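Structure first, then comments.
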Amino acid sequence: MRAGESLTERIEVWGPWAGLQLSHNTGIAFGIGIPEPWQTLLIGTALVLLLFFAWKERASKWKSAAFGLILGGALGNIADRLLDGRVTDYFQIYSFPIFNVADSAITIGATILILNTFFDA
């Protein structure tokens, strides 16, 4: 049984604002579906570009941490997708699309990169 498969109904953590709810995502970000082989090509291209920029921009600790979070999240989602062509999501915050830990790592890493660009830390 895969992680989260026993989650059969939404579990409230903080009333209607936050909870655990099982969802399977066969698309890319926010469940956007792109026909194959374009989706695989897009994911692969994004991963190659990420590796390129991570290698090129490894100067600061903040950028290294950000790229590590993004790369770790991307590889986590890819590994999950390899099992059956979908990603398992389970965190639900209000009306935002359901997401997982890997998605959070990608989002936090991207936020760090954006803030680092503005504040040049």
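The values are calculated or read from the model by the stated rules, or taken from the named source; none is laboratory data. What you see is a predicted model; the values in this text were computed from it and never measured. Reconstructed Cβ throughout: ideal geometry from the backbone, glycine too, with neighbour counts over all protein chains shown.
All of (1) on the phi < 0 side of the Ramachandran plot; (2) at pLDDT below 90 hold for ILE93 with one exception: (2).
For every residue, the table says whether it meets (1) in contact (Cβ under 8 Å) with a residue 12 or more places away in the chain; (2) part of a helix (DSSP H, G or I); (3) on the phi > 0 side of the Ramachandran plot.
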{"residue": "PRO35", "(1), (2), (3)": "no, no, no"}
{"residue": "THR40", "(1), (2), (3)": "no, yes, no"}
{"residue": "ILE43", "(1), (2), (3)": "yes, yes, no"}
{"residue": "LEU49", "(1), (2), (3)": "no, yes, no"}
{"residue": "ALA54", "(1), (2), (3)": "yes, yes, no"}
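Among the residues making up segment 5-33, those that are of a type in the set (A, V, I, L, M, F, W, C), surrounded by 14 or more Cβ atoms within 10 Å (Cβ to Cβ) and not in a strand (DSSP E or B) are LEU7, ILE28.
What do you reckon, is ALA66 within 17 Å of the chain's Cα centre (by Cα), part of a helix (DSSP H, G or I) and in contact (Cβ under 8 Å) with a residue 24 or more places away in the chain? Give the derivation first.
Details: within 17 Å of the chain's Cα centre (by Cα): yes; part of a helix (DSSP H, G or I): yes; in contact (Cβ under 8 Å) with a residue 24 or more places away in the chain: yes.
Spelling it out, ALA66 is indeed within 17 Å of the chain's Cα centre (by Cα), part of a helix (DSSP H, G or I) and in contact (Cβ under 8 Å) with a residue 24 or more places away in the chain.
Yes/no per residue for (1) more than 16 Å from ALA110 (Cα to Cα); (2) out of contact with any Lys or Arg (no Cβ under 7 Å at 6 or more places or on another chain):
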| residue | (1), (2) |
| --- | --- |
| THR8 | yes, yes |
| ALA18 | yes, yes |
| GLY31 | yes, yes |
| GLN39 | yes, yes |
| LEU42 | yes, yes |
| THR45 | yes, yes |
| LYS61 | no, yes |
| SER64 | no, no |
| LEU69 | no, yes |
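Give ALA79, ALA110, ALA102 a once-over and let me know the one that is in a helix (DSSP H, G or I), free of Cβ contacts under 8 Å to residues at least 40 places away in the same chain and under 17 Å from ILE32 (Cβ atoms).
Numbers: ALA79 fails: under 17 Å from ILE32 (Cβ atoms); ALA110 fails: free of Cβ contacts under 8 Å to residues at least 40 places away in the same chain.
ALA102 is the lone residue from the list that is in a helix (DSSP H, G or I), free of Cβ contacts under 8 Å to residues at least 40 places away in the same chain and under 17 Å from ILE32 (Cβ atoms).
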